[in-house]
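Please read the structure below before turning to the comments.
The values are calculated or read from the model by the stated rules, or taken from the named source; none is laboratory data. The shown structure was predicted, so the numbers you read here are calculated from the model rather than taken from an experiment. FYI the Cβ positions are ideal-geometry reconstructions off the backbone, even for glycines, and counts take in every protein chain you see.
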């Protein structure tokens, strides 16, 4: 195999290999982050906007400096894979008896696909350039969106997500760190202008200001990362969003240039596009694991998932879903029982009052007891 030494030739060869391996966007950045980026991270953590994600604090030093994560890093190849949907993700929000699952989770776990292709490209780089490499997806403490912006793939929009002129808001990212100095690509400029559609559409007002996110109010955080009862004032705005939220991504005007993904593993499964809440509410642990085998949804576990389903049921106005709620009121999981009580108070306040009068509200678990004490409908 021919060993490539010239920097420009190396970049050209890596770009060609990455595109051939199935990536849709390729950029090169120095293995450093701007002081402003590190400052924003520290301010985010100091304000507690990371919520329960303690790992962000524990690994803040590595997240804020690629060379702390790997001291030999000199350059970063930032790679993007298009996962754009073939239809507007917001239309499902009107189907109140159906569950809205975020676009990124309607297919196989993207980590598996992206990492497999990253390793393929990384091995080729290591052999061709005789250089040490490390590959990362977002399970590692990498500030991938700022690196992608530095590498010219896109810019961080006012919703803090990456926006691409070619792919809109729909890129999965991965990185290959190189122990090799390569000239960086020109950073992408911010092209949001005066637009604030992503800020205005957020159901839970999770953006204190443009370019700032309070994860504690974000539906993606609440449905995926947060383990306990979801704060009462944020439940109704969740609607039927049961895993993630695509609102701020979907309304971005730059999506007009996006094309539906051509990657078969990233195309939506039919059974996860608009599943019935009634069917999902019946899932026990084994059935949950079977349905979401190979899916990112599996990682939150059955109890947290059914908690989210019950919130969607409570928001649905569909009284025919009451039998599912009644069954789950005796579920072994306190977080499920609590949300079942809340859903009952929304769908049938009279039944909630009648049951409360029987003394059933004297629950051992304080979170469930709180749902009996403070119905949402009154």
Counting only residues that are surrounded by fewer than 22 Cβ atoms within 10 Å (Cβ to Cβ), out of contact with any helix residue (DSSP H, G or I) (no Cβ under 8 Å at 6 or more places or on another chain) and under 26 Å from residue 294 (Cβ atoms), how many does the stretch 253-266 have?
5
Under the condition of being modelled with pLDDT of 95 or more and loosely packed, with under 12 Cβ neighbours inside 10 Å, which residue from the stretch 1-21 is farthest from the chain's Cα centre (by Cα)?
16
State whether the residues of the stretch 347-365 include one that is under 29 Å from the mean Cα position of the chain (by Cα) and either in contact (Cβ under 8 Å) with a residue 60 or more places away in the chain or surrounded by 14 or more Cβ atoms within 10 Å (Cβ to Cβ) (or both).
no
Tell me, please, whether a residue that is farther than 23 Å from residue 129 by Cα and crowded, with 16+ Cβ neighbours inside 10 Å can be found in the stretch 28-36.
yes
Keeping to the stretch 65-108, report how many residues are in contact with a helix residue (DSSP H, G or I) (Cβ under 9 Å, 6 or more places away or on another chain), more than 24 Å from residue 166 (Cβ to Cβ) and not assigned by TED's automatic domain parsing to the domain that holds residue 141.
7
Taking into account only those residues within the stretch 248-267 that are modelled with pLDDT under 95 and out of contact with any strand residue (DSSP E or B) (no Cβ under 9 Å at 6 or more places or on another chain), which is farthest from residue 312 (Cα to Cα)?
264
Taking the stretch 159-189 on its own, how many of its residues are surrounded by 22 or more Cβ atoms within 10 Å (Cβ to Cβ), touching a strand residue (DSSP E or B) at 6+ places or on another chain (Cβ under 9 Å) and closer than 23 Å to residue 208 by Cβ?
3
For the stretch 196-252, how many residues are surrounded by 20 or more Cβ atoms within 10 Å (Cβ to Cβ), over 13 Å from the mean Cα position of the chain (by Cα) and not in a loop (DSSP other than H, G, I, E, B)?
7
Scan the stretch 119-157 residue by residue and report those that are assigned to a loop (DSSP other than H, G, I, E, B) and under 18 Å from residue 34 (Cα atoms).
141, 142, 143, 151, 152, 153, 154, 157
All conditions in (1) crowded, with 18+ Cβ neighbours inside 10 Å; (2) closer than 21 Å to residue 261 by Cβ; (3) at pLDDT 95 or above are true of residue 119 except (1)
Out of all the residues in the stretch 269-285, which are free of Cβ contacts under 8 Å to residues at least 60 places away in the same chain, more than 17 Å from residue 314 (Cβ to Cβ) and touching a helix residue (DSSP H, G or I) at 6+ places or on another chain (Cβ under 8 Å)?
271, 283, 284, 285
Answer yes or no as to whether residue 290 is part of a helix (DSSP H, G or I) and without any contact (Cβ under 8 Å) to a residue 40 or more places away in the chain.
yes
